[in-house]
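**Student:** First the structure, which I've put down as structure tokens, then a few questions once you've had a look.
The values are calculated or read from the model by the stated rules, or taken from the named source; none is laboratory data. From a predicted model like this one, the values you see are computed outputs, not experimental measurements. All Cβ positions, even for glycine, are placed from backbone atoms using ideal geometry, and neighbour counts span all protein chains on display. Quick note on the areas: whole protein, heavy atoms, side chains included, nothing else; ligands and nucleic acids left out. Shrake-Rupley method; radii C 1.70, N 1.55, O 1.52, S 1.80 Å.
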Amino acid sequence: MKYPLLSDIEYPSDLRKLSSAQLPALAQELRKFIIDIVASKEGHLGASLGVIELTIALHYIFDTPNDQLVWDVGHQAYPHKILTGRKNRFHTNRQLGGLSGFPKRDESAYDTFGVGHSSTSISAALGMAIASKLKGDTYKQHIAVIGDASIASGMAFEGLNHGGVTDANLLIILNDNAIGIDPSVGALKEYLTKAKVGRKPKTDNIIEALNFKYYGPVDGHDLPTLLRELKRLQSVEGPKLLHIITTKGKGLKQAEENQVQYHAPGKFNAHTGELLPKKDVQAPPKFQDVFGLTLLELARNNPKIVGITPAMPTGSSLKYMMDEMPDRAFDVGIAEQHAVTLAAGMATQGLTVFCTIYSTFLQRAYDQIIHDVALQNLPVIFCVDRSGLVGADGATHHGVFDIAYLNCIPNLLIAAPSNEIELRNLLYTASLGLSHPIAIRYPRGRGTLLNWQKPFENFVVGKGICLSKGTKAAIISTGTIGANVMEAIRISKANLAHYHFPFIKPLDTKLLHTILAAYDTILTVEEGTIIGGFGSTIVSYATKQKYKGTLETLGVPDTFIEQGTPEELQHLCGISINALVERFKGL
């Protein structure tokens, strides 16, 4: 058999039938199993390879799912899923109708808490531990596994601060590999680097100062040591932390040497580890690169420009500016709230601040957007990456709520460019100075234009554009979903007018009034939730104007959309090219 030990394991109860001497061999099989499948199916690789031994040890020692195990973020939960009844479906990971890429409560009883965003594990596990105490269940164990990048986040410190003054039966495993998606940053990271296997910092131990019993650091790939430490900690009462040192990408040479690229490497050769060569064709740029390269170009000519990102310098492409201008581009770690208020503070001093955050992570700084930026009308430029349906990462990562949650905030402008050139010109216009803060939203993935680095043009704030004329009905879109609309009109040969609104706020009410007067049927299309979104704003205005025609909003329905390709998910929402073709034929 290819996997002689793993083939007989469906659940942790099967795992516990093995002798401890067999576990290192199982670790090798489990590591190979993940490499074999992720090589062809894609997914998060490095983080899961780094916790193979830890995952085996946790399920071997603790009585999961009765003992509660919470994985922070969940990038590293593939071995956990394979050992908890999902081995035979693991090949469906991150696919439409398949397994979620993250722990998910309704997928398995072993997934005690749904995750996807960082730094929630300590608070969740502490809540479970306190609940067990209240119910009189004093023997149940509660374990949170958190990385060195995530534990530096404010929410993790809030959990530590509370946990340290309780008698909760809480064990935190600090998985220290010095990297999240990009290398970890900050003073806590500098502190942790002083800790080596078998030797902890002798003075000023920050964990012990928060009333946690501190154990380690130990080698996170040494199974006998892990088993011994976890067994011993079962009987230690109160809050405690085990510090383990691991290597992200352990067991695959390329993943160990290039941890950023092999976090989620795409397809690769399972035997050699080499990434599969991409077709040698010229492709349009990723929107993140349009942002990153344009910002660097602007910053070279404007010394007041600074850039900020919370732990996503590579994913957001702020790395271009960080490499050339490290004193003006800042990775603040997994700290979205801090990033926004830091930007606000810089803006008070006359700097032109570009704060780039994924749409789904900007949600974590909502109070700061309102209170620290918009209320004070500080002209921070929010570059909202990964807006819309992002694909395989699923419900935790779709950027479909930003229009709705930003639209109600006074003073805040909201823009959604249709292509790379519009994004470039919006960034340029914002850099010249606006009297309000602005959020510029753009999607994950590539655009459509090869020749996008045109000379800058000033963008007229709040101005809509007529893209095509027609008599039967009018389609109003915002953002890059307009490309689907244009193609669907072409294929359907429908006699439809198409209007693009680059600004969701302020609306071009003059143009909108003209559209309402000219058409009895209007459809709005957006890649965001229709509840409180762009279409809702159009409907609200039309109602005030006593519009008598038919007005329909198309977008993401009032439900959480799971994983799949962006095209599959757009089709589910009725905004794919094919879905729009059918809808337009009906007009």
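**Student:** State in Å² the accessible area per residue of the chain; use a 1.4 Å probe, count heavy atoms of protein chains only, and round to the nearest integer. Let's see the in-between values first.
**Tutor:** Numbers: 24080 Å² over 587 residues.
Per-residue accessible area for the chain comes out at 41 Å².
**Student:** Taking each pair of different alpha-carbon atoms in segment 127-183 once, compute 1/r for the pair, average those values, and report the inverse of that mean as the Kirkwood hydrodynamic radius in Å to one decimal.
**Tutor:** Taking the inverse mean of 1/r over all distinct Cα pairs, segment 127-183 comes out at 12.5 Å.
**Student:** Over segment 210-314, what number does the Rg to Rh ratio reach, with both radii from the alpha-carbon atoms and Rh per Kirkwood?
**Tutor:** Using only Cα positions, Rg/Rh for segment 210-314 is 1.17.
**Student:** Hey, another quick one. With the Cα gyration tensor of segment 106-157 giving a ≥ b ≥ c as the square roots of its eigenvalues, does the rule (a/c under 1.5 for rounded; else a/b larger than b/c for prolate; else oblate) give rounded, prolate or oblate? Numbers along the way, then the final one.
**Tutor:** Values: a/c = 2.53, a/b = 1.47, b/c = 1.72.
Because a/c hits 1.5 or more and a/b fails to exceed b/c, segment 106-157 counts as oblate.
**Student:** Then there is this: Rg and Dmax of segment 467-555, Cα atoms, in Å?
**Tutor:** Cα only, segment 467-555: 12.0, 34 Å (Rg, Dmax).
**Student:** Could you let me know the centre-to-centre spacing of segment 379-442 and segment 1-57, using Cα atoms, in angstrom?
**Tutor:** 41
**Student:** Once the Cα atoms of helix 336-348 and of the chain are each reduced to a long axis, what angle between those two axes, in degrees from 0 to 90 to the nearest 10, is obtained?
**Tutor:** Approximately 50 degrees, to the nearest 10.
**Student:** May I ask you to compute the full-extension gain from L449 to R328, defined as 0.36 nm times their residue separation minus their alpha-carbon distance, rounded to one decimal in nm?
**Tutor:** Length gained between L449 and R328: 40.6 nm.
**Student:** Just to verify a number: FRET efficiency for D106 and H371, C-beta to C-beta distance, R0 = 45 Å, to 0.05?
**Tutor:** According to the calculation, E is roughly 0.85.
**Student:** I've got another one for you. What does the C-alpha gyration tensor say about the overall shape of segment 529-587? Classify as rounded when a/c is under 1.5, otherwise prolate if a/b is larger than b/c, or oblate.
**Tutor:** Note, shape of segment 529-587 comes out oblate.
**Student:** Relative contact order, percent, of the chain when contacts are C-alpha pairs under 8 Å separated by at least 6 residues? Spell out each step's value before the answer.
**Tutor:** Numbers: 1232 pairs, mean separation 65.2, N = 587.
Worked out over the chain, it gives 11 percent.
**Student:** To the nearest µm²/s, what D does Stokes-Einstein give for segment 362-433 at 25 °C and 0.890 mPa s, using the Kirkwood radius over alpha carbon pairs as Rh? Mind dumping the intermediate values first?
**Tutor:** Working: Rh = 13.5 Å.
After rounding, the answer is 181 µm²/s.
**Student:** Return the inverse of the average 1/r over all pairs of distinct C-alpha atoms in segment 404-510, which is the Kirkwood hydrodynamic radius, in Å to one decimal.
**Tutor:** So the Kirkwood estimate lands at 14.8 Å.
**Student:** Compute the Cα gyration tensor for segment 11-95, then decide on rounded, prolate or oblate, letting a ≥ b ≥ c be the square roots of its eigenvalues: rounded whenever a/c is under 1.5, prolate when a/b is larger than b/c in the other cases, and oblate in all that remain.
**Tutor:** prolate
**Student:** Stokes-Einstein diffusion coefficient for segment 78-201 at 10 °C in a medium of 1.306 mPa s, Rh from the Kirkwood formula over Cα pairs: what value in µm²/s? Walk me through the intermediate numbers first.
**Tutor:** Details: Rh = 16.3 Å.
It diffuses with D of about 98 µm²/s by this estimate.
**Student:** How long are the three semi-axes of the equivalent ellipsoid of segment 244-398, in whole Å, if each is the root of 5 times an eigenvalue of the C-alpha gyration tensor, listed from largest down?
**Tutor:** So the three semi-axes of segment 244-398 are 31, 18, 16 Å.
**Student:** Mean 1/r over all different Cα pairs, inverted: what Kirkwood radius does the chain give, in Å?
**Tutor:** Computed over the chain, the radius equals 25.5 Å.
**Student:** List the pairs from K463/K505; K17/K135; K2/K41; K2/K81 whose alpha-carbon separation is above 21 Å, in the order I gave them.
**Tutor:** Listed pairs above 21 Å: K17/K135.
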